[in-house]
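For reference, the structure is listed below as structure tokens.
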Amino acid sequence: MTVLDRIGAGHHDMIEWRRHLHAHPELAFQEVATAAFVANRLAAFGIEVHRGLAGTGVVGVLRQGQSRRSIGLRADMDALAMTEHNSFAHASQHPGRMHGCGHDGHTVMLLGAARYLAETRNFDGTVYLIFQPAEEGAGGARVMIEQGLFDHFPCDAVFGMHNWPQLPLGTFGVRAGPVMAAADQFEILVTGKGGHGAMPHLGIDPIVVAAHIITAAQTLVSRGVDPVDTAAVSVTMIEGGTTFNVIPDSVTLSGTVRSFRPATQERLQRGLCRIAESIAAAFGATARVDYRRGSPATVNSATEADFAASVAARVVGDVNVRRDAEPSMGAEDFAFMLECRPGCYVWLGQGGGPSSCMLHNPHYDFQDQILPIGASYWALLAESALPRGD
Ligand code: NI
């Protein structure tokens, strides 16, 4: 019997768990019921459970044999602050909260693997099953690390996985090197001097200054980043003014900066501040830039990416593994774990189904058909990284 057959025999339970979690989504660092659900199941499988890292984080520890080798498998548990527009029976019961990114499925795939590994114990070493809170912009992985994740659970390598609607259902996307971008946020407060719209010469119009800053910011990537590198600067919000005949005192611009290389990130941050401050000064206004760094780039180490691709091929066949998957400018806080340990983050395709719409869409749903595939990948990853000597 293959791993996929054996895990597939428990598909029914996994669907039930997944739909339960989908109906009861919880936001970043508030995954109390979800963490309890995970901890209770791990304990029922006979797995040692550690709770409390980053508040709602859960780590299951499964030891077998004498080997000191170890592997970390990580899933995320949080939902998004959005209202679901699906009407099926397992739709969110909480307006304003939705598993719109499939973290319900991620949690269940790792639980499915945990059950299999606890039952079969066909490995020699330690498997750390890491269920993290707050992946969606709140840095749950960073907080777990700050609170000693890798001191208490010293994994040789860590692995992450995300469902991916842009890839065909049941295929894997893998790539060595950067796969997701560093995601920074900025807010620029442009202050001029408000007054009457009919007498602009008596004031300093911050709207005109903001317009120049936005236009000049378009050159940060086109003229400032090596054309063979990749980056994005987007001004996504403009706030200023109240009516047609009043020039406001100030305007606020907000947006995001995405990059793969630390040197590029540094250059874009400095460039944005320089452009905003200098242009404002040129018009007699001021600009104050609040620049906040988010997740770093998600960078897969070459050896682990190759290993992950070969394991994925054993689950779905070589033709269903894309080893040159296109990187995404989206962000992923598993990046913090990859800064500490070698490892690999893969995409599991779930496109083509009735609900293959994009992540974070109010009609999104995780595709239950891929639960055994993802769980089998996790299980085989552990068995292959920690092979038995006999
Ligand atoms: Ni996600």
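Numerical summary
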| item | result |
| --- | --- |
| Within the range 246-321, strands (runs of 3 or more DSSP E) holding 1 or more residues that are β-branched (Val, Ile, Thr) and open to solvent by 40 Å² or more (accessible area, probe 1.4 Å) | 286-293, 298-300 |
| Lone unmet requirement of (1) closer than 21 Å to Val158 by Cβ; (2) more than 12 Å from the ligand (Cβ to nearest atom); (3) buried (at least 24 other Cβ atoms within 10 Å of the Cβ) for Ala134 | (2) |
| Residues within the range 220-239 that are of a type in the set (Ser, Thr, Tyr) and without any contact (Cβ under 8 Å) to a residue 12 or more places away in the chain, tallied | 1 |
| Residue within the range 226-235 that is farther than 23 Å from Gly330 by Cβ and surrounded by fewer than 18 Cβ atoms within 10 Å (Cβ to Cβ) present | no |
| Pair list, Cβ < 7 Å and 6+ apart or interchain, from the range 102-129 residues that are under 15 Å from Asp76 (Cα atoms) to residues that are away from the ligand (no atom under 16 Å from the Cβ) and among the hydroxyl-bearing types (Ser, Thr, Tyr) | Tyr128/Ser70 |
| Tally, over the range 83-112, of residues that are surrounded by fewer than 19 Cβ atoms within 10 Å (Cβ to Cβ) and among the hydrophobic types (A, V, I, L, M, F, W, C) | 3 |
| Residues within the range 123-164 that are β-branched (Val, Ile, Thr) and over 18 Å from Phe45 (Cβ atoms), tallied | 3 |
| Pro342 being more than 17 Å from the chain's Cα centre (by Cα), within 16 Å of the ligand (Cβ to nearest atom) and touching a residue at least 40 places away in the same chain (Cβ under 8 Å) | no |
| Single residue of the range 46-78 satisfying the filter (among the charged types (D, E, K, R), open to solvent by 40 Å² or more (accessible area, probe 1.4 Å) and more than 15 Å from Arg121 (Cα to Cα)) that is farthest from the ligand (Cβ to nearest atom) | Arg68 |
| All positions within the range 60-94 that are over 22 Å from Leu338 (Cβ atoms), under 24 Å from the mean Cα position of the chain (by Cα) and part of a strand (DSSP E or B) | Leu80 |
| Failed criterion for Gln147 (all others in (1) within 16 Å of the chain's Cα centre (by Cα); (2) closer than 30 Å to Glu266 by Cβ; (3) modelled with pLDDT of 95 or more; (4) away from the ligand (no atom under 13 Å from the Cβ) hold) | (1) |
| Residue match in the range 189-208 (condition: at pLDDT 95 or above, open to solvent by less than 30 Å² (accessible area, probe 1.4 Å) and under 29 Å from the mean Cα position of the chain (by Cα)) | no |
| Qualifying positions in the range 79-122 - within 15 Å of the ligand (Cβ to nearest atom), over 22 Å from Arg41 (Cβ atoms) and not aliphatic (A, V, I, L, M) | Gly100 |
| Among (1) within 15 Å of the ligand (Cβ to nearest atom); (2) crowded, with 24+ Cβ neighbours inside 10 Å, the one test that Met329 misses | (2) |
| Matching option when the condition is in contact with a His (Cβ under 9 Å, 6 or more places away or on another chain) and of a type outside the set (Gly, Ala, Ser), among Asn320, Asn361 | Asn361 |
| Hey, Ile7 part of a strand (DSSP E or B) and buried (at least 21 other Cβ atoms within 10 Å of the Cβ) or not | no |
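The values are calculated or read from the model by the stated rules, or taken from the named source; none is laboratory data. Computed from a prediction, not measured in an experiment: that's the story for all the values here. Cβ coordinates were reconstructed from backbone atoms using ideal geometry, including for glycine residues, and neighbour counts include every protein chain displayed. Surface areas here come from the heavy atoms of the whole protein model, side chains and all, with no ligands, DNA or RNA. Shrake-Rupley method; radii C 1.70, N 1.55, O 1.52, S 1.80 Å.
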